[in-house]
Amino acid sequence: MDRRRFYDWLAGYYWFVGLFDDYYKKKALELFELKRGMRFLDAGCGTGFVLRRLAGSALIFGVDSSCGMAASARRRSGAHVSSGDCFCLPFRDGSFDVLFCSFVFDIFDFSEQKKILLEFSRVCAPFGLLVLVNNTRGKGVFSWLSGFYLLLSRIFPKVFLNKPIDASFVVEESGFAVKKRQVVGFTEILVCEKMC
Ligand SMILES: C[S@@+](CC[C@H](N)C(=O)[O-])C[C@H]1O[C@@H](n2cnc3c(N)ncnc32)[C@H](O)[C@@H]1O
C-alpha cells in the first residue's frame, strides 16, 4: 500500500492517533497569537483537529495529500481544505502569515525536508511564522521511548512513518530563524520566523 492510500485508510481511525498527539498540537497553538484577518495554513492537516480549534479566529486553510484526510477535515472543520502536496502547494507566493505543520515533516528524510521548507518559505509571507511539531529525541525516559519508536519505524517503516528528528538545523539552513523551541516528552515544537 503506498503512503497516500495508507493515509486514506487511516482517516477513518485517526481519532485513535489523536488520543496521543492532540495534546502536543494544543501546546503548539499556545505558543503564537493568531489575529483576525491573518491567513493560516495547516499543511498536512490530517482530519483537521487544528483547523477545528481555530475555526472563526482567522482565515483558516488546510491542505493534505490524502483525499480521505482532506475530506474528513473539510467536513469536520468547515475550513477551506484542499487536496495537495507539501512539495508543491496550491497557493501563491507569500499567501500565509502562519504555516502550521504537525507530525508531517518528520515523515521525510533530510533532502525532502529541505525541499518542503523551500516550498513553505515560498508560501509564507515575509516575517511570517512557521510552526513545526515533530517527533524528536527526548530526555531521560523519553530518550529511551524515542529510541524504541525509532526501532519500530525501522521494523515497520510503512506504519511508523514519523521518525524522531532534530529539525532546528535544517530549518535555520532554509531561511527561518527559530524563535521558540519546546520539547515535551519526545515531541519538539518549533516556532520559527521567515527571514527576508
Ligand atoms: C501523521 S499525519 C498528521 C496529521 C495532522 N497534521 C496531525 O497532526 O494530526 C500525516 C499527514 O500528512 C499527510 N501527508 C503526508 N505526506 C504529505 C505531503 N507530501 N503533502 C501533504 N500532506 C502529506 C498525510 O496524508 C497525513 O494526513
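Values quoted throughout were computed directly from the atomic coordinates according to the rules given, and no laboratory measurement underlies them. All of these numbers come straight from a predicted model, not from anything done at the bench. We place every Cβ from the backbone using ideal geometry, glycine too, and count neighbours over all the protein chains shown.
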Worksheet, complete the sentence: Once phi for every residue in the range 155-168 is put through the Karplus expression 6.51 cos²θ - 1.76 cosθ + 1.60 (θ = phi - 60°), the whole-Hz ³J(HN,Hα) values, with Gly and Pro written as x, are 6, 10, x, 8, 10, 8, 7, 7, 9, x, 10, 10, 7, 3
Practice prompt. Could you list which residues have their amide H under 5 Å from that of Ile165, counting only those 5 or more apart in sequence or on another chain, with H placed in the peptide plane?
Written response: Asn135, Thr136, Arg137
Item to complete: Work out from phi, with θ = phi - 60° and the Karplus expression 6.51 cos²θ - 1.76 cosθ + 1.60, the ³J(HN,Hα) of each residue of the range 40-46, listed in order in whole Hz, and give x for Gly and Pro.
Response: 10, 10, 9, 8, x, 6, x
Fill in: In Hz, Karplus ³J(HN,Hα) per residue of the range 8-18 (6.51, -1.76, 1.60; θ = phi - 60°; x = Gly, Pro)
4, 5, 5, 3, x, 10, 5, 3, 5, 4, x
Fill in: Computed FRET value (nearest 0.05) for Lys158 with Arg52, which takes r as the C-beta separation and R₀ as 41 Å
0.90
Worksheet item: Between Ile165, Trp15, Leu118, whose Cα lies farthest towards the positive end of the dipole of the chain when Lys and Arg beta carbons carry +1 and Asp and Glu beta carbons carry -1, centred on the Cα centre?
Response: Trp15
Discussion item. Modelling each spin label as a point 7 Å along the Cα-to-Cβ direction, I'd like the Phe127/Asp85 distance in nm, to one decimal.
Written reply: 3.5
Worksheet, complete the sentence: Given unit charges at Cβ for Lys, Arg (+) and Asp, Glu (-), the dipole magnitude of the chain about its Cα centre in debye, nearest 20, is 400
Practice prompt. For the range 1-122, give the share of DSSP beta bridges that are antiparallel, in percent and rounded to the nearest 5; count only bridges with both residues there.
Written response: 10
Worksheet item: Over what distance in Å are the Cα centres of the range 86-131 and the range 139-161 separated?
Response: 25
